[in-house]
1. In whole percent, what relative contact order does the chain give with Cα contacts below 8 Å and a gap of six or more residues?
2. In region 33-71, whose amide N lies under 12 Å from the spot 7 Å out along Cα-to-Cβ of residue 111? List them in ranges.
3. Filter the cross-link list 9/81; 40/149; 9/101 down to pairs whose alpha-carbon distance in this structure exceeds 24 Å.
4. How much length, in nm to one decimal, is gained on full extension between residue 177 and residue 80, taken as 0.36 nm per residue of separation minus their Cα-Cα distance?
5. What FRET efficiency comes out for the pair residue 168/residue 54, r = Cβ-Cβ distance, R0 = 45 Å, nearest 0.05?
6. Where a ≥ b ≥ c are the square roots of the eigenvalues of the C-alpha gyration tensor, would you call region 100-202 rounded, which needs a/c under 1.5, or, failing that, prolate if a/b is larger than b/c, or oblate?
7. Tell me, what HN-Hα J-couplings in whole Hz come from the Karplus equation 6.51 cos²θ - 1.76 cosθ + 1.60 at θ = phi - 60° for each residue of region 62-72, using x for Gly and Pro?
8. Evaluate the relative contact order of region 52-119 (contact order divided by residue number), counting alpha-carbon pairs under 8 angstrom at least 6 apart; express in whole percent.
Amino acid sequence: MLSLEGKTKRAIVVGIPGVGKTTVITRSVEALSNIGYDAKLVVFGTVMFEEAVKKGVKHRDEMRKLPIEEQRRLQEQAAAKIASMQDDIVLIDTHLFISTKQGYYPGLPLYLLNLLKPTNLILVAAEPHEVLNRRLNDKSRQRDLIDEKEIAHELEIARIMVAACSILTGAPFAIVMNRDGNVDNAVNELINLLSNSERGYR
Ligand code: ATP
Ligand code: MG
């Protein structure tokens, strides 16, 4: 495998629902593997569920019904497990926030960031109408449908949240545009962000 001086790069890849995180990450892992990196896709919620299964939880939806302290413990166990992965590049697919009646809850509060120790933060973004169409066309998922204006607002909140994560962790953040029919561009950008060169200034 290519040398990364023994250091694992852990990139947390975030973005609002339907923006294309899973698509971009999956393709990036393939592309990175093709050029010789040992790259891994990790879906935070899936790792959390694996931890929950060990405690007798049978369905993914049951996790949300657990007492809040138990959910937090599962999140922490998942974060610690991800941080211990030794691949060259670990791409973590997760959500930045959830919208509730009380306001926006962070998907990556400080206690999780401290455990995850990301080396990079990447926000996947797109134009509001593109996100809306993706949500409408993606029959494989049940998504809350909202209008373009609300999606524009979510995209704005996502930028604020990722900047806050960067300040808290010291990890650089970048915004990768995933334009319609142009996943390749987003993949190339993401790969460049994670390529071997140390801290090059632009
Ligand atoms: P979630 O947060 O709900 O898991 P996500 O951010 O992972 O969503 P994806 O599931 O990757 O989003 O993509 C949502 C839909 O948009 C899928 O149907 C996918 O094929 C489509 N899509 C992703 N990127 C593009 C693109 N650049 N052009 C056109 N369609 C795209
Ligand atoms: Mg996804």
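Since every read-out is calculated from the coordinates, none of them should be taken as a lab result. It should be emphasised that the depicted structure is a prediction, and the values quoted were computed from it without experimental measurement. For neighbour counting, all protein chains shown are included, and Cβ atoms are generated from backbone atoms with ideal geometry for every residue, glycine included.
1. Values: 282 pairs, mean separation 61.8, N = 202.
It rounds to 31 percent for the chain.
2. So the set is 68-71.
3. Values: 9/81 15 Å; 40/149 35 Å; 9/101 36 Å.
Flagged as over cut-off: 40/149; 9/101.
4. Values: separation 97, 0.36 × 97 = 34.92 nm, distance 2.95 nm.
Here the answer is 32.0 nm.
5. Values: r = 29 Å, r/R0 = 0.65.
Approximately 0.95, to the nearest 0.05.
6. Working: a/c = 2.23, a/b = 1.26, b/c = 1.77.
The shape class here is oblate.
7. Taking θ as phi minus 60°, the curve returns 5, 4, 5, 8, 6, x, 4, 5, 5, 4, 5 Hz for region 62-72.
8. Values: 34 pairs, mean separation 19.5, N = 68.
Relative CO of region 52-119 lands at 29 percent.
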